[in-house]
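S.K.: Take this structure first; my questions come after.
The values are calculated or read from the model by the stated rules, or taken from the named source; none is laboratory data. Everything numeric in this text was worked out from a predicted model, so none of it was measured. Positions of Cβ are backbone-derived with ideal geometry, glycine not excepted, and every protein chain shown enters the neighbour counts.
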Amino acid sequence: MTTTSAPWVYPTFLAHRIGGTLAPENTVSGIDVCVKHDYRMVEFDVRLTANNVPFLMHDDTLERTTNGHGMSNEWQWIDLYNLDAGSWFGEQFAGEKLPALYQMGIVCQRHDILANIEMKSCPGNERRTATHVARALNMFWKDRWPLVSSFSQEMLAVVRECAPDFPVGMLFKDIPADWKDIVKRLDCSSVHVKHTFLNAEIVKEMHALGLKVMAYTVNDVDAAQALLSMGVDHICTDRPDLLRC
Ligand code: G3P
Ligand code: MG
């Protein structure tokens, strides 16, 4: 379906938020987990600082995964860079930094690890965030073929327009009735679906449109096997120690 020239080079399993539940999420420490368990691909979440630096973090707010406070998009990068993004997870991770998107590109390249970059945004910030992510992709991620995904159609449309070399995947929780129109309009290469909403029939329909299918977040061996039997192409997991590549 897609018009991107990117090769589809992604392995079956990828680690959710870089190290799954085995390292502080969306940090460089998760890469050690992947190396240990022979994972060649990670998923991580990206959002934007007040001064337009794309960086890795899942939540809108800082409290859960850092020692900072408030909305992440209201801070400058220098303030966020000085936060501790590891202590909440364990003392041995004290001092862990929030990575910028360009820094994670260097780390992934060094370890030969592929990436699924999920764009997130504080409400109302979608277009600006996606514009700066697209800029960072063009500057720092060329030839690394990251797969760019989002729950936001608006953000994916910006990436298709501003960074057309990169394949995009539409994220769904439940699968909406108009999913075919959405993926066609955005020229998607893949659909990423909450695993409980997938079945063999819908996977076949997705494949018939030329789409790859990713299931998230799968932390159980039997569930992963069932999804692969349905024809699911990729599995995003918090447990790279349990689900073997
Ligand atoms: O990309 C799959 C998954 O990461 C989407 O959910 O909330 O963990 O970012 P979330
Ligand atoms: Mg995510």
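S.K.: Out of curiosity, is ILE202 in a helix (DSSP H, G or I), over 14 Å from the mean Cα position of the chain (by Cα) and either surrounded by fewer than 22 Cβ atoms within 10 Å (Cβ to Cβ) or without any contact (Cβ under 8 Å) to a residue 24 or more places away in the chain (or both)? Break it down into steps so the answer makes sense when it comes.
M.R.: Working: in a helix (DSSP H, G or I): yes; over 14 Å from the mean Cα position of the chain (by Cα): yes; either surrounded by fewer than 22 Cβ atoms within 10 Å (Cβ to Cβ) or without any contact (Cβ under 8 Å) to a residue 24 or more places away in the chain (or both): yes.
Spelling it out, ILE202 is indeed in a helix (DSSP H, G or I), over 14 Å from the mean Cα position of the chain (by Cα) and either surrounded by fewer than 22 Cβ atoms within 10 Å (Cβ to Cβ) or without any contact (Cβ under 8 Å) to a residue 24 or more places away in the chain (or both).
S.K.: What number of residues within region 126-151 are farther than 24 Å from TRP179 by Cα, of a type outside the set (Phe, Trp, Tyr), out of contact with any Leu (no Cβ under 6 Å at 6 or more places or on another chain) and touching a residue at least 40 places away in the same chain (Cβ under 8 Å)?
M.R.: 2
S.K.: Now for a different question. Identify, by number, the condition in (1) in contact with a strand residue (DSSP E or B) (Cβ under 6 Å, 6 or more places away or on another chain); (2) part of a helix (DSSP H, G or I) that GLN109 doesn't meet.
M.R.: It is condition (1) that GLN109 fails.
S.K.: Given the options ASP38, ASP84, name the one that is farther than 19 Å from ILE235 by Cα and either aliphatic (A, V, I, L, M) or surrounded by fewer than 20 Cβ atoms within 10 Å (Cβ to Cβ) (or both).
M.R.: The unique qualifying residue is ASP84.
S.K.: While we're on this one: Could you please let me know if TYR10 is within 28 Å of PHE166 (Cα to Cα), more than 19 Å from the chain's Cα centre (by Cα) and modelled with pLDDT of 95 or more?
M.R.: No: the conditions fail for TYR10.
S.K.: Among what's in region 131-158 and is within 16 Å of ligand 1 (Cβ to nearest atom) and farther than 22 Å from ASP174 by Cβ, pick the residue that is farthest from the chain's Cα centre (by Cα).
M.R.: Ranking the candidates gives VAL133 first.
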